[in-house]
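K.L.:
One structure, pasted below without further comment.
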Amino acid sequence: MSRELFCKGYTWGFYSGEGGFATEEAERSMERLASNGLNWICIPVNCFQEAFYSTNVFAMFGRTQTDEEVIFAVNKARSLGLKVCLKPMVDCLDRVWRARIDFPRENTEYADRWFASYTRFMLHYARLAERLGCEMLCTGCEMAGMDKNADRCRRLIDEVRGVYSGLIMHNINHGDELRFPWLDAVDIIGISAYYPVTTPEDHSIEMMHRRWAQHMVRVEECHRRYNKPVMFAEIGTRSERGCTETPWAFHYRPDIPLDEQEQADFYESAMAASWDKEWFCGYFWWDWKAKLPPVEKARENRDFTIYGKKAEEVLRAWYTKDRAPEE
């Protein structure tokens, strides 16, 4: 399945908020993204809980994209010939990383309440994904505390399959490739592939190639353990010096020099390491904004986006190659 499925994809529109998807600006943004040779797009929907210890997941006026907007974005993707992964995501309003949402082992009622709420949330978007014909649904992103609950997670996947007939992908964090035995229940294992690939002393692309080769050994072990295709459901880095030491870092650092080349080398080395693995099924790079600045201002943006930067040229070169990944 991995070679037939291969996702030349990108994540689009994260944290756009209500009103961010159904605009002419958003349409132009998706068109520019698709012109880089994409065949898939990942569309995230942002929902929330009050704190990492809360038990209620909810949509939030002004911050959660409405169903109508999701429908608009999916239809736009369809018009561009793209397959769609719908990715409902939970964040904590106390700004704690969602991986910290966790449950004391001795308090099963606490975990049951949270899983009941999360399941209602996920089933809403599973039904929407089914109605829209989305080819893939992501059932969780970097939620290690949740993912430790194998029996509850298996029940979640079973309930999702009851209303959704497409591919189910679950997105774990790098480092968790071998932690969760229930991952054999999904169709695709997604990894947030923010692997460190350089050192403070060496930011060269040669170093990146060596480090990616090491990381791919563990990624392949993940595939072999669960007998599922693997993809990089999130991957990327900012465009500033030293970004590839900690690709996951998202904080604004105006004291650090801009460095488009290091970001571009990360793209080049990651795809060189993974593209032709027969068990590997692609990428949803992180992330492309629904509202783009003027292209002459694009290089001033230090964020993960590659719009108007050297890394966009690298992505286009790989995604528009004459040949598909090797059979």
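Every number here is computed from the coordinates shown, using simple stated rules; none is lab data. Since this is a predicted model, take the numbers as computed values, not measurements. For neighbour counting, all protein chains shown are included, and Cβ atoms are generated from backbone atoms with ideal geometry for every residue, glycine included.
K.L.:
Kindly put F232, F115 in sequence by how many other C-beta atoms sit within 10 Å of each C-beta, fewest to most.
P.N.:
Ascending number of Cβ neighbours within 10 Å: F115, F232.
K.L.:
OK, next. Within 10 Å, count the other beta carbons around each residue, average over each peptide in 41-48, 276-283, 183-190, and list them highest first.
P.N.:
My ranking of the peptides, most packed first, is 41-48, 183-190, 276-283.
K.L.:
Turning to a different aspect of this structure: For F58 paired with L178, estimate the spin-label separation in nm (one decimal), with each label point 7 Å from Cα along the Cα-to-Cβ line.
P.N.:
Once both label points are built, they end up 4.2 nm from each other.
K.L.:
Using only the Cα atoms, what convex hull volume per residue in Å³ does the chain have?
P.N.:
Enclosed volume per residue, from the Cα hull, is 130 Å³.
K.L.:
What is the dipole size for the chain, taken about its Cα centre, with +1 at each Lys and Arg Cβ and -1 at each Asp and Glu Cβ, in debye to the nearest 20?
P.N.:
Values: 43 positive and 52 negative charges, 93 e Å.
The calculation lands at about 440 debye.
K.L.:
Report the Cα centroid-to-centroid distance between segment 83-121 and segment 184-262 in angstrom, as an integer.
P.N.:
Cα centroid of segment 83-121 versus Cα centroid of segment 184-262: 25 Å apart.
K.L.:
Hey, another quick one. If the chain between W97 and D67 were fully stretched, how many nm would it gain, using 0.36 nm times the residue separation less the Cα-Cα distance?
P.N.:
Residue separation times 0.36 nm, minus the Cα-Cα distance, leaves 8.3 nm.
K.L.:
Another one. Using alpha-carbon pairs under 8 Å, 6+ residues apart, how would you state the relative contact order of segment 1-147 in percent? Spell out each step's value before the answer.
P.N.:
On the way: 243 pairs, mean separation 38.2, N = 147.
The normalised contact order for segment 1-147 reaches 26 percent.
K.L.:
Using the number of other C-beta atoms within 10 angstrom as an exposure proxy, rank M143, M60, M231 with the fewest first. Display every interim value, and only then the final one.
P.N.:
Working: M143 25, M60 14, M231 29.
Fewest to most other Cβ atoms nearby, the residues stand as M60, M143, M231.
K.L.:
Please give the FRET efficiency for E50 paired with H251, using the beta carbon to beta carbon distance and R0 = 25 Å, rounded to the nearest 0.05.
P.N.:
Using R0 = 25 Å, I get an efficiency of 0.60.
K.L.:
Can you give me the relative contact order of the chain as a percent, contacts being Cα pairs under 8 Å and 6 or more apart?
P.N.:
Relative contact order, the chain: 20 percent.
K.L.:
Let me ask something else about it. Among H209, H251, which comes first, second and so on when ranked by fewest other beta-carbon atoms within 10 Å?
P.N.:
Placing the least packed residue first, the sequence is H251, H209.
K.L.:
Next question. Obtain the radius of gyration and the Kirkwood radius of segment 232-327 from its C-alpha atoms and give Rg over Rh. Write down the numbers at each step before the final one.
P.N.:
Details: Rg = 13.8 Å, Rh = 14.0 Å.
Reported Rg/Rh, Kirkwood definition of Rh: 0.98.
K.L.:
For n ≥ 4 DSSP H runs only, could you compute -39500 (n - 2.57) per run for the chain, divide by its residues and tell me the 222 nm figure to the nearest 500?
P.N.:
My calculation for the chain gives -11500 deg cm²/dmol from helical runs alone.
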